[in-house]
1. Does residue 138 meet the test of being assigned to a helix (DSSP H, G or I), near the ligand (Cβ under 7 Å from one of its atoms), within 15 Å of residue 75 (Cα to Cα) and assigned by TED's automatic domain parsing to the domain that holds residue 72?
2. May I ask you to list pairs of residues, at least six apart or on different chains, whose Cβ atoms are under 9 Å apart, with the first in the range 85-99 being over 20 Å from residue 133 (Cα atoms) and in the same structural domain as residue 139 (by TED's automatic domain parsing) and the second being within 11 Å of the ligand (Cβ to nearest atom) and in a loop (DSSP other than H, G, I, E, B)?
3. Sort out which residues of the range 44-57 are touching a helix residue (DSSP H, G or I) at 6+ places or on another chain (Cβ under 9 Å) and either within 12 Å of the ligand (Cβ to nearest atom) or assigned to a loop (DSSP other than H, G, I, E, B) (or both), and write them in order of number.
4. Could you grab me the full set of residues in the range 58-91 that are more than 6 Å from the ligand (Cβ to nearest atom) and crowded, with 23+ Cβ neighbours inside 10 Å?
5. Here is a list: 175, 162, 148. Which entry is within 16 Å of the ligand (Cβ to nearest atom), assigned to a strand (DSSP E or B) and in contact with a helix residue (DSSP H, G or I) (Cβ under 7 Å, 6 or more places away or on another chain)?
6. Give the residue that is farthest from the ligand (Cβ to nearest atom), with candidates limited to residues of the range 101-118 that are touching a strand residue (DSSP E or B) at 6+ places or on another chain (Cβ under 8 Å) and under 16 Å from residue 7 (Cα atoms).
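The values are calculated or read from the model by the stated rules, or taken from the named source; none is laboratory data. These numbers come from a predicted model, not from an experiment. Methodologically, a virtual Cβ is constructed for each residue, glycine included, from the backbone with ideal geometry; neighbour enumeration extends over all protein chains shown.
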Ligand code: ATP
């Protein structure tokens with residue numbers, strides 16, 4: 001029997017390193033981004049519709065604020081690119097069950113786009129190769145290819161040219177979430193403004209971080225976390241500084257603003273110390289909400305079909 005519906009589960013990411021090069025002539029920055037996929041997931045269910053019904057999208061779950069249910073949704077962009085490339089008419093409904101914080105620097109929209117690529121490929125038996133999926137993914141956004149692969153990876157170029165990072169062990173995270181997101185373009189613009197005329201060197205992979213990941217050395221990873229956008233995110237949202245301070249005080253191994261923020265990710269020794277920190281952050285009153293997660297986890301994968 002032909003498959004009528006598919007559900008793809010796709011993780012969020014945190015950055016372990018985000019190094020931002022000088023602004024290029026095209027307005028973009030070269031990046032070195034070390035991503036880790038973590039155990040907070042969106043589920044994307046794609047159901048075949050009647051011929052001629054077109055594409056519809058609905059959003060559900062606890063993280064829906066500000067997520068467009070129209071052509072602006074990155075899932076719709078994925079469908080549109082695949083339709084053109086494979087001369088495919090998609091008549092389907094996409095339901096996105098969101099748990100990944102919106103505009104939180106955790107690549108939620110990119111995750112949904114990656115999940116949609118995998119789901120459409122499955123539903124329409126396109127038999128896309130990994131390379132073909134990655135090509136479509138990088139046309140949508142620089143974080144999208146990573147959400148297909150998951151694990152731990154180094155992104156160069158605009159962050160989308162991926163190589164797997166040699167990483168051992170499991171890392172435990174406490175995430176301080178904000179109720180109001182930060183716009184990624186606004187944070188890059190603030191980073192450029194703060195840098196002014198400073199000479200900025202091309203970004204390099206952080207060797208200390210790579211060694212620590214290889215050695216399953218969580219304190220070493222904690223000490224090596226680095227994000228060049230952190231200053232800009234704190235400048236636009238000074239409360240992030242308070243959140244970082246609480247985490248340091250309660251013994252996190254390290255802290256980093258994830259991507260362009262405002263989510264702050266704290267690396268902790270284990271789940272129990274994560275719980276202590278989560279309680280401290282909640283009672284401090286400086287965070288919207290707190291989540292615990294671990295990584296690395298796999299990228300987008302099909303979890304159900306019908
Ligand atoms: P990144 O970490 O990749 O910079 P982010 O996690 O900060 O991104 P997203 O959650 O991806 O931010 O959302 C940024 C904006 O993208 C949202 O405010 C929303 O307007 C738009 N958007 C489009 N599609 C989606 C989607 N499927 N999920 C969430 N936001 C989406």
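1. No; evaluated as a whole, the condition is false for this residue.
2. Short answer, once both residue conditions are applied: 98/63; 98/64; 98/67; 99/63.
3. Within the range 44-57, 44, 57 meet the criteria.
4. Across the range 58-91, the qualifying residues are 78, 79.
5. 162
6. Applying the filter and picking the extreme gives 118.
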